[in-house]
Amino acid sequence: MINVQNLRDQVLTAAERYDLPLSVRQADILSNHLVLHANRGNASAARLTNAQFTALVGIASGESAKETGRRIGRSEGTIKTHRVALYRALGARSGAHAVTIAIASGLLNASQLKTASGGAR
């Protein structure tokens, strides 16, 4: 899975290198969009909203609800609401169960997932 934090850092580095005016907020939005579409896989396996898929990517990346909210400009409570809806949509009991179901259904590619210790922490 593409790591959002690393992608954002690369976007900001490229913007600086090519003298492109890009704010950190714009880099966050762009990075989130790219990660959502790069990691989406077989979206027909389950019908998730973009908000639910954003929550799934955050869980799979090892982010807390607060970190995911900060990354996309939403509150921690909003992300928790999206997580509950995600669990319901997938029939999952927890975040780990949701990620397992997403991998099994082709929404996420297991070979792309990184462990939390190898992530952006």
(message) Of all residues being crowded, with 17+ Cβ neighbours inside 10 Å and among the hydrophobic types (A, V, I, L, M, F, W, C) in the range 61-88, which is modelled with the lowest pLDDT? Just the residue, please.
(response) Ile72
(request) Please determine, by comparing only the residues of the range 16-28 that are in contact (Cβ under 8 Å) with a residue 12 or more places away in the chain and either over 17 Å from Asn6 (Cβ atoms) or out of contact with any Leu (no Cβ under 8 Å at 6 or more places or on another chain) (or both), which one is most open to solvent (accessible area, probe 1.4 Å). (result) Arg25
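The values are calculated or read from the model by the stated rules, or taken from the named source; none is laboratory data. All figures in this text were calculated on a predicted structure; none of them were measured in a lab. Virtual Cβ from ideal backbone geometry, glycine too; neighbours counted across all protein chains shown. These accessible areas exclude ligands, DNA and RNA; they are computed on the full protein's heavy atoms, side chains included. Shrake-Rupley method; radii C 1.70, N 1.55, O 1.52, S 1.80 Å.
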